1. In whole percent, how big is the carbon plus sulfur part of the accessible area of region 107-149, probe 1.4 Å, protein atoms only?
2. Is the chain best put as rounded, prolate or oblate by its Cα gyration tensor, with a ≥ b ≥ c the root eigenvalues, rounded for a/c under 1.5, and otherwise prolate when a/b is larger than b/c, oblate when not?
3. If Lys and Arg each add +1 and Asp and Glu each add -1, what is the summed charge of the other residues whose beta carbon sits under 14 Å from the beta carbon of Lys57?
4. Quick check: with the 1.4 Å probe, what order do Leu131, Leu150, Leu56, Leu104 take by accessible area, largest first?
5. Mind jotting down the three principal axis lengths of region 37-128 based on Cα atoms? Whole angstrom, largest first.
6. Along the positive direction of the dipole of the chain (beta-carbon charges: Lys, Arg +1; Asp, Glu -1; about the Cα centre), which of Ile68, Leu23, Met142 reaches farthest?
7. What length, rounded to one decimal in nm, is gained on full extension from Arg44 through to Arg158, with 0.36 nm per residue of separation minus their alpha-carbon distance?
8. Under the rule of -39500 (n - 2.57) per DSSP H run of 4 or more residues, summed and divided by the residues of the chain, what mean residue ellipticity at 222 nm is obtained, to the nearest 500 deg cm²/dmol?
Amino acid sequence: MYNGNRHTGINFHRKFMFEAFRLAEKAFDEGEVPVGAVIVQENRIIGRGYNQVEMLKDPTAHAEMIAISAACATLQTKYLKGCSLYVTLEPCPMCSGAVVWSKLERIVFGAADEKAGGCGSKFNIAQNRELNHTVEIIQGVMEADCSWLLKEFFSKKRD
């Protein structure tokens, strides 16, 4: 696991995390848990998603799953080798498994999920060497913004 700006620099990662954050804001506005995700290949967004669990009445309609499906459709392949996932919240175990099976190269996430994170906080599915693929993890990009949006959402839910 890595915190910081390996390879391309923090500003590069912030640029794509900002796009994921905009999708999280859309989820927030629609009453969904505010998580957004984009998948990037060669500096170009090839898949986007935001949580749509409530709208679709589908527990698998997480931002990451939707972005992975969109990216696979864009590339017409089941593997996303050389691609990076930017997501505002650490992927859950289901989404972490999908990341491994789709062979993404890297996960960049904002806020950690201490209760259900699948990329190091609770579990580390993405880097489990017993699986057929491991994924580089970069955490904490726009962490304060991503955490704030989640806290704001759940605060409004409790009111």
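1. The computed percentage sits at 46.
2. rounded
3. Neighbourhood net charge equals -4.
4. Descending accessible area places them as Leu56, Leu131, Leu150, Leu104.
5. 34, 31, 20
6. Sorting the options by dipole projection puts first Ile68.
7. 37.2 nm
8. -12000 deg cm²/dmol
The values are calculated or read from the model by the stated rules, or taken from the named source; none is laboratory data. Please read all numbers here as calculations on a predicted model, not as lab measurements. Quick reminder, even Gly has a Cβ in these numbers, built from the backbone with ideal geometry, and neighbours come from all protein chains shown. Only protein heavy atoms, including side chains, enter the accessible area calculation; ligands, DNA and RNA are left aside. Shrake-Rupley method; radii C 1.70, N 1.55, O 1.52, S 1.80 Å.
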